[in-house]
Amino acid sequence: MAIDPQLQDYYRRMAERYAGQPMADEAAGRRARFEDVAALSQMPDPEGMQVSEIGIPVQGAMLGARMFRPNVTGTPRLIVYFHGGGWVVGSSATHHTVAALLAADTGCAVVSVDYRLSPEHGFPAPCDDAIAAVQWLATQRGAFDVTPDFLAVAGDSAGGHLAAVAARAINDAAGRPVVNAQLLIYPVAAPVLTTESYRAFADGPGLTRDEMAWFWTQFIGAEALTRGADQADPRINLMATAPLQLPPATVVMVAANDVLRDDGLAYADFLVRHDAPVITIEASGMTHGFARLQPEAPRAREWMRRAAQAFVGCLDDL
């Protein structure tokens, strides 16, 4: 499927900017490159958006987080957001515009969480942080003046994976729907790099098969990656075992030109098989990472608006 021309122009500009500068082999170098790239696509916050920094206590650490409160009448609902970056790169700063626009588009307050990154904090630390952050924020809804009986999670790429892990773990442990809904943007679902979309888009743009293999290795290790679909831990393979509780209402959006397209579609099918209400959106012309590229391409912005609209419609049906 043809890639949006403005995204193609963006990738051309990035190729020119970093010509002769190969991607670093270590996490620190990749983080620095990602921060540089992400800063190029930031935009001013929507009018009236209130942004504040908060700390989230988890075992052994204090996680930073950024709260986005839109200019809306009444008490907003809360979405806990986890940024993408292969569990290795990224932050609430690199995804500032993504979270701000999500808050504006949904009318929800959004808390973007800085979970600890791999490989320094490999599996299960990012999962543990995501679960603990959502649990803590659930107890703080009164303090943050958000709707007290509603909670949603969201995330893109590896952040979508963490959002889904947290929602399932918390709901299964509670035996009830603590997390009511989830918005998953081109989520990682399983360490299986042999799907049709991995073959079709192995060389990108946006994300390559080799890059995704590197990210998985930093997160779970090379030996664990070789087990692939045989991974029995639902914190690694989201579809490894059946959930104990009805999964939350879900919107899954995938990019048509993305190695992770089939991950998202497979996870949406898994949720449907377990009776969850699911809306699946395949964004034509889009590549991996397009949520961060809304300032670069009007079609990327429009697809994110559509996802937000579908998500709000999903919430209104709860």
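Overview of results
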| read-out | value |
| --- | --- |
| Residue in the range 209-218 that is buried (at least 19 other Cβ atoms within 10 Å of the Cβ), within 20 Å of the chain's Cα centre (by Cα) and outside any helix (DSSP H, G or I) present | no |
| Of all residues making up the range 141-172, the number that are among the acidic types (Asp, Glu) and buried (at least 23 other Cβ atoms within 10 Å of the Cβ) | 1 |
| Some residue of the range 234-250 being out of contact with any strand residue (DSSP E or B) (no Cβ under 9 Å at 6 or more places or on another chain), crowded, with 16+ Cβ neighbours inside 10 Å and either free of Cβ contacts under 8 Å to residues at least 60 places away in the same chain or of a type in the set (Asp, Glu) (or both) | yes |
| Total residues in the range 119-167, condition assigned to a helix (DSSP H, G or I) and closer than 19 Å to Met253 by Cβ | 10 |
| Residue list for the range 173-206, filter: surrounded by fewer than 18 Cβ atoms within 10 Å (Cβ to Cβ) and in a helix (DSSP H, G or I) | Ala173, Ala174, Glu196, Arg199, Ala200 |
| Hits in the range 1-32 - residues which are in contact (Cβ under 8 Å) with a residue 40 or more places away in the chain and within 22 Å of the chain's Cα centre (by Cα) | Ile3, Asp4, Leu7, Tyr10, Tyr11, Ala27, Arg30, Arg31 |
| In the range 145-191, residue farthest from Gly85 (Cα to Cα) [restricted to those that are of a type in the set (Val, Ile, Thr) and touching a helix residue (DSSP H, G or I) at 6+ places or on another chain (Cβ under 7 Å)] | Val178 |
| The range 279-303, residues that are touching a strand residue (DSSP E or B) at 6+ places or on another chain (Cβ under 7 Å) and buried (at least 22 other Cβ atoms within 10 Å of the Cβ) | Ala283, Met286, Thr287, His288, Phe290, Ala291, Ala300, Trp303 |
| Met62, sole failed condition from (1) within 23 Å of Leu260 (Cβ to Cβ); (2) without any contact (Cβ under 8 Å) to a residue 40 or more places away in the chain | (1) |
| Tally, over the range 119-137, of residues that are free of Cβ contacts under 8 Å to residues at least 60 places away in the same chain and within 17 Å of Ala152 (Cα to Cα) | 4 |
| Count of the range 256-288 residues which are of a type in the set (A, V, I, L, M), touching a residue at least 60 places away in the same chain (Cβ under 8 Å) and not in a helix (DSSP H, G or I) | 4 |
| Residue check for Ala291: within 15 Å of Leu183 (Cβ to Cβ), of a type in the set (Gly, Ala, Ser) and at pLDDT 95 or above | yes |
| Count of residues meeting criterion [of a type in the set (Val, Ile, Thr), buried (at least 18 other Cβ atoms within 10 Å of the Cβ) and more than 18 Å from Asp203 (Cα to Cα)] in the range 251-278 | 3 |
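The values are calculated or read from the model by the stated rules, or taken from the named source; none is laboratory data. Bear in mind the structure is a predicted one, so any value in this text is a computation, not a measurement. All Cβ positions, even for glycine, are placed from backbone atoms using ideal geometry, and neighbour counts span all protein chains on display.
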